[in-house]
Amino acid sequence: MDNLIFFNPGDSVGNFHDYDEAVRSAQIYRESNKIESGHVFVVKGVDNKKFDVFLADDQMINPETDPQKGKSRSQPYYVSKKL
């Protein structure tokens, strides 16, 4: 699974250098907050240095512009795992 997706980095639930730690934390977050399966993403930044955890609802559909400031605050990420 290697889909490009856009998120605002400030919406990250957490970021990690270790993939397994990111997945484990995402699973714990999903279980403790009773979030449906497939709605928590572990993503890899385009810099390939870290992994972030985002909620599916925070995905930016139109990453081109920020309605408040007229410019984009989103960054591209590659989906590594959906939980």
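Backbone geometry of the stretch 37-53 corresponds, through the Karplus equation with coefficients 6.51, -1.76 and 1.60 at θ = phi - 60°, to 3J(HN,Hα) couplings of 4, x, 10, 10, 10, 9, 10, 10, x, 5, 7, 6, 9, 8, 10, 10, 10 Hz, x marking Gly and Pro.
Given contacts defined as C-alpha pairs under 8 Å and at least six residues apart, what's the relative contact order of the stretch 4-82, whole-number percent?
In percent, rounded to a whole number, it is 44.
Averaging the Cα positions of each part gives two centres, and for the stretch 22-36 and the stretch 45-62 these lie 16 Å apart. Scaling against 2.2 N^0.38 Å puts the C-alpha radius of gyration of the stretch 4-82 at 1.08.
Just so you know, all these numbers are worked out from the coordinates, no wet-lab data involved. In this text the structure is predicted, and so the values were computed from the model without any measurement.
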